[in-house]
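Contents: one structure, followed by commentary.
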Amino acid sequence: MSDVVGIPAGFSISIYSGTTPGLGPENMVASLVGNEPTSAGVFTYVGIDVLLAPRGEYWVVATSSTAIGDGYYSWNMAATGSSVGDWRTAGFYDSSSDGSAWMASVVSHK
């Protein structure tokens, strides 16, 4: 997690599946449990009774109940193209300001 800007609140992390190209996350698979970040750092979130299929497409979706003008969370993607067993990270991410329309972007590491 990068720096917290302003005073955001209502942070949540969920895992979504989806297979329709261009639609981004489609179906919530699980809500993850963990602390709400108050500063930059590495945070752990846990899913209870979550079963993910190998070779499936999944998105980690972070949301906040705070209007972006009042504060927001930002995060960094650590490494792309890496894999563990049947799991790998992609070289892109999707973002949305409303949860309906998603825009894909290529990850750039500085």
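Among Val4, Val46, sorting on how many other beta-carbon atoms sit within 10 Å of each Cβ, with the fewest leading, yields Val46, Val4. Applied to the range 2-10, the Karplus parametrisation 6.51 cos²θ - 1.76 cosθ + 1.60 on θ = phi - 60° returns per-residue 3J(HN,Hα) values of 7, 4, 8, 10, x, 10, x, 8, x Hz, with x for Gly and Pro.
Quick check: residue separation of Met103 and Ser31 times 0.36 nm, minus the Cα distance between them. What number comes out in nm? Write out the running numbers ahead of the final one.
On the way: separation 72, 0.36 × 72 = 25.92 nm, distance 2.24 nm.
Full extension from Met103 to Ser31 adds 23.7 nm.
For Leu52, the amide hydrogen comes within under 5 Å of no other amide hydrogen, counting only partners 5 or more places away or on other chains and with H modelled in the peptide plane. Annotation for Ser65 and Val46: the two label points, set 7 Å from Cα along the Cα-Cβ direction, are 2.3 nm apart.
Provide the net charge surrounding Ser64, with neighbours chosen by a C-beta distance below 10 Å and charges set as Lys +1, Arg +1, Asp -1, Glu -1. Walk me through the intermediate numbers first.
Numbers: positive: none; negative: Glu36, Asp70.
Value of the local net charge: -2.
Readers should treat all values here as calculations from the given coordinates under stated rules, not as data from a laboratory. Because the structure is predicted, anything quoted here is derived from the model rather than measured. When we count neighbours, we look across all protein chains shown, and the Cβ atoms used for this are built from the backbone with ideal geometry, even at glycine.
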